[in-house]
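Undergrad: Mind having a look at this structure? Questions to follow.
The values are calculated or read from the model by the stated rules, or taken from the named source; none is laboratory data. Note that the structure is a prediction, hence the values are computed from the model and not measured. Every residue, glycine as well, gets a Cβ built from its backbone with ideal geometry; the counts of neighbours run over all protein chains shown.
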């Protein structure tokens, strides 16, 4: 058994240890994470998905944080475990990128900079990478100590 398989099994064990006592109706499966070579996604599905996801994914983010902290306690160099529920993250990320591209198009047309809503570091990275593909667009995160920051989209 290779190290990635052991880490994946530990992530599944941790997720079950958190979710089972809460009485949720769910099932867990794993799949490779598309943008990370050794990444693993724990996919949760079931009748109680909306409770696991929470408001705008807040409970899902908390679950992902706990799973990663507990897995990394045993394996310092463990790859980041992505936790998703009924493909919520995938849909939310696609929606975010559509909004970002739409704002970039408006910036190109009007010449006036626009700002995105406050985003976490992962979301900001997605937006910066996506808009870097559009010629004539420049993105910059605000310079604050806050965990959630806004991105300004402007002409390059």
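Undergrad: Residues in segment 70-91: is at least one surrounded by 17 or more Cβ atoms within 10 Å (Cβ to Cβ) and closer than 30 Å to residue 154 by Cα?
TA: Yes: segment 70-91 contains one or more residues that are surrounded by 17 or more Cβ atoms within 10 Å (Cβ to Cβ) and closer than 30 Å to residue 154 by Cα.
Undergrad: If you check residue 108 against the conditions, is it touching a residue at least 40 places away in the same chain (Cβ under 8 Å) and under 21 Å from residue 124 (Cα atoms)? Spell out the reasoning first.
TA: Numbers: touching a residue at least 40 places away in the same chain (Cβ under 8 Å): yes; under 21 Å from residue 124 (Cα atoms): yes.
Against the criterion (touching a residue at least 40 places away in the same chain (Cβ under 8 Å) and under 21 Å from residue 124 (Cα atoms)), residue 108 qualifies.
Undergrad: Between 13, 82, which is assigned to a helix (DSSP H, G or I) and either outside the structural domain of residue 119 (by TED's automatic domain parsing) or in contact with a helix residue (DSSP H, G or I) (Cβ under 6 Å, 6 or more places away or on another chain) (or both)? Give the derivation first.
TA: Values: 82 fails: assigned to a helix (DSSP H, G or I).
From the options 13, 82, the qualifying one is 13.
Undergrad: Continuing with this model, one more query. Counting only residues that are without any contact (Cβ under 8 Å) to a residue 40 or more places away in the chain and not in a helix (DSSP H, G or I), how many does segment 85-105 have? Steps first, please.
TA: Taking segment 85-105 as the starting set, the residues that turn out to be without any contact (Cβ under 8 Å) to a residue 40 or more places away in the chain are 88-99, 101-102, 105.
Of the ones still in play, those that are also not in a helix (DSSP H, G or I) are none.
Final tally of qualifying residues: 0.
Undergrad: Moving to a separate point now. Only one residue in 80, 99, 13 is modelled with pLDDT of 95 or more and closer than 29 Å to residue 140 by Cα, so which one is that? Please lay out each step first, then the result.
TA: On the way: 80 fails: modelled with pLDDT of 95 or more; 13 fails: closer than 29 Å to residue 140 by Cα.
Answer to the check: 99.
Undergrad: Kindly indicate which of 71, 67 is in contact (Cβ under 8 Å) with a residue 60 or more places away in the chain and on the phi < 0 side of the Ramachandran plot. Outline the logic, then answer.
TA: Details: 67 fails: in contact (Cβ under 8 Å) with a residue 60 or more places away in the chain.
After ruling out the rest, the residue left standing is 71.
Undergrad: Right, here's the next one. Out of 7, 52, which single residue is more than 16 Å from the chain's Cα centre (by Cα), more than 30 Å from residue 153 (Cα to Cα), outside the structural domain of residue 134 (by TED's automatic domain parsing) and surrounded by 15 or more Cβ atoms within 10 Å (Cβ to Cβ)? Before you say what the answer is, go through the steps one by one.
TA: Numbers: 52 fails: more than 16 Å from the chain's Cα centre (by Cα).
Just a single option satisfies the conditions, and that option is 7.
Undergrad: Which members of segment 19-49 meet the condition of being surrounded by fewer than 15 Cβ atoms within 10 Å (Cβ to Cβ) and either touching a strand residue (DSSP E or B) at 6+ places or on another chain (Cβ under 6 Å) or not in a loop (DSSP other than H, G, I, E, B) (or both)?
TA: Our first condition is that a residue be surrounded by fewer than 15 Cβ atoms within 10 Å (Cβ to Cβ); within segment 19-49, this holds for 20-23, 25, 27, 29, 31-32, 34-38, 47.
Correct list: 20, 21, 22, 27, 29, 31, 32.
Undergrad: Inside segment 112-135, can you point out the residues that are in contact with a strand residue (DSSP E or B) (Cβ under 6 Å, 6 or more places away or on another chain) and either modelled with pLDDT under 95 or not in a helix (DSSP H, G or I) (or both)? It would help to see each step written out before you state the result.
TA: Our first condition is that a residue be in contact with a strand residue (DSSP E or B) (Cβ under 6 Å, 6 or more places away or on another chain); within segment 112-135, this holds for 113-116, 124, 127-128, 131.
Result: 113, 114, 115, 116.
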